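One structure is given here, and the rest of the page talks about it.
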Amino acid sequence: MRCNIHSRKRRRVIYCTIFDPVWEEEGFCITNHPKNLMMGKKMLPSFSIHKNSTNTSTMTTEATAALLLNNDDKSIIAVMKSLWNNILAEQNSHDYCLYFDSIITAISVIIYFIGKPYVDEQTSKYLITGSIGVFVHGLGHGMLSKMLVEKSMMALQTDEYNTVAEVVVPPIDTAQVVVLLLFWLGLLKAVMNNVANYAVFVSSITAFLFHLMIPERMGFTYVQTVISVAFAITELRLPRSQKQFVYMTHSWIVVPVGFIGWIESMYCTAFVKDILGGHIIYDAYIPLASILHYFICMIYFNYNTVGDEKANDTVISTTTTKMKTL
């Protein structure tokens, strides 16, 4: 906990916070922030196009190819280190989220089509709508990465009164506004999968407009709050007939998300930023937990189906035996 003393009208006010100073400044826990990489380091393409500068730790394409031709363990290790230095080690957490969300969405869609015959409709809906939300969520992080690199956000985040509208609208960038709107449409559809589309649309527009009026560094907190409230209301409104095993286990899987948000905001500098990749721990948990829930339900339905078939076989066998006896 950190405490500061502020003087207000001849009175001293003690302001204490439990949040990490880096997280408080950015609103996210960001690994490899672009402002820390612009001094003589190479910025490689992520969601946006970075400008290159010299960096002796990176390896040229010709040198990488030559090492691969040697086909020995040391060469492979050198190539892997080069890939790390060139791609992963100099990408920020928003880039990580974009890449991970895109890949995990494709995996989730494949799992959905393969496992669809083995689960019920409710389980399938959770996974496929969640995948859509994860993908547009990743696009939103890609937009944030682009804004960071172009310094449009970096200059504004130091002032707590700057809002998302001040970042997105001037200069007017239609692509960024569209991505933010799609972000809300996909995200709320994912958590409100049993709600009519027109209600999701109205909710998304409302959330989008309010998002433009809040301080940028409060964006993550705002998004998490809206998602949590929307998800809770949607799930509680389900009819009693749908509040069975799938409903129960889905709640268990979702609950830890809130705790991960607190871990990110309180321990960013301690270990989240440098060891866990920053905000990626939050983004990674959601789709991985959804896939885990899908497999849990698949095992449950398969076990019950086998049990029902055995029970039916036993009844038929018993009936046949009685008929023979008669």
Inset, instruction - Could you please put W184, W262, W252, W23 in sequence from largest to smallest accessible area, using a 1.4 Å probe? - result: W252, W262, W23, W184
Inset, instruction - Leaving out ligands and nucleic acids, note down the accessible area per residue over the stretch 213-257 with a 1.4 angstrom probe, in whole Å². - result: 57
Legend entry - Per-residue HN-Hα couplings for the stretch 124-134 [Karplus 6.51, -1.76, 1.60; θ = phi - 60°; Hz; x = Gly/Pro]: 4, 5, 4, 6, 6, 5, x, 5, 4, x, 5
Inset, instruction - Can you sort M218, M213, M147, M266 by 1.4 Å-probe accessible area, starting with the largest? - result: M213, M218, M266, M147
Inset, instruction - For the stretch 100-116, just list the computed ³J(HN,Hα) in residue order, Karplus coefficients 6.51, -1.76 and 1.60, θ = phi - 60°, integers in Hz, with x standing in for Gly and Pro. - result: 5, 4, 5, 5, 5, 5, 4, 5, 5, 5, 5, 4, 4, 6, 6, x, 4
Inset, instruction - Please calculate the 1.4 Å probe accessible area of E25, with all protein chains present, and give it to the nearest 10 Å². - result: 70
Inset, instruction - First select every other residue whose beta carbon is under 15 angstrom from the beta carbon of V254; then total the charges, Lys and Arg +1, Asp and Glu -1. - result: 0
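The values are calculated or read from the model by the stated rules, or taken from the named source; none is laboratory data. Because the structure is predicted, anything quoted here is derived from the model rather than measured. Note that each Cβ is placed from the backbone with ideal geometry, even for glycine, and that neighbours are counted across all protein chains shown. Surface areas here come from the heavy atoms of the whole protein model, side chains and all, with no ligands, DNA or RNA. Shrake-Rupley method; radii C 1.70, N 1.55, O 1.52, S 1.80 Å.
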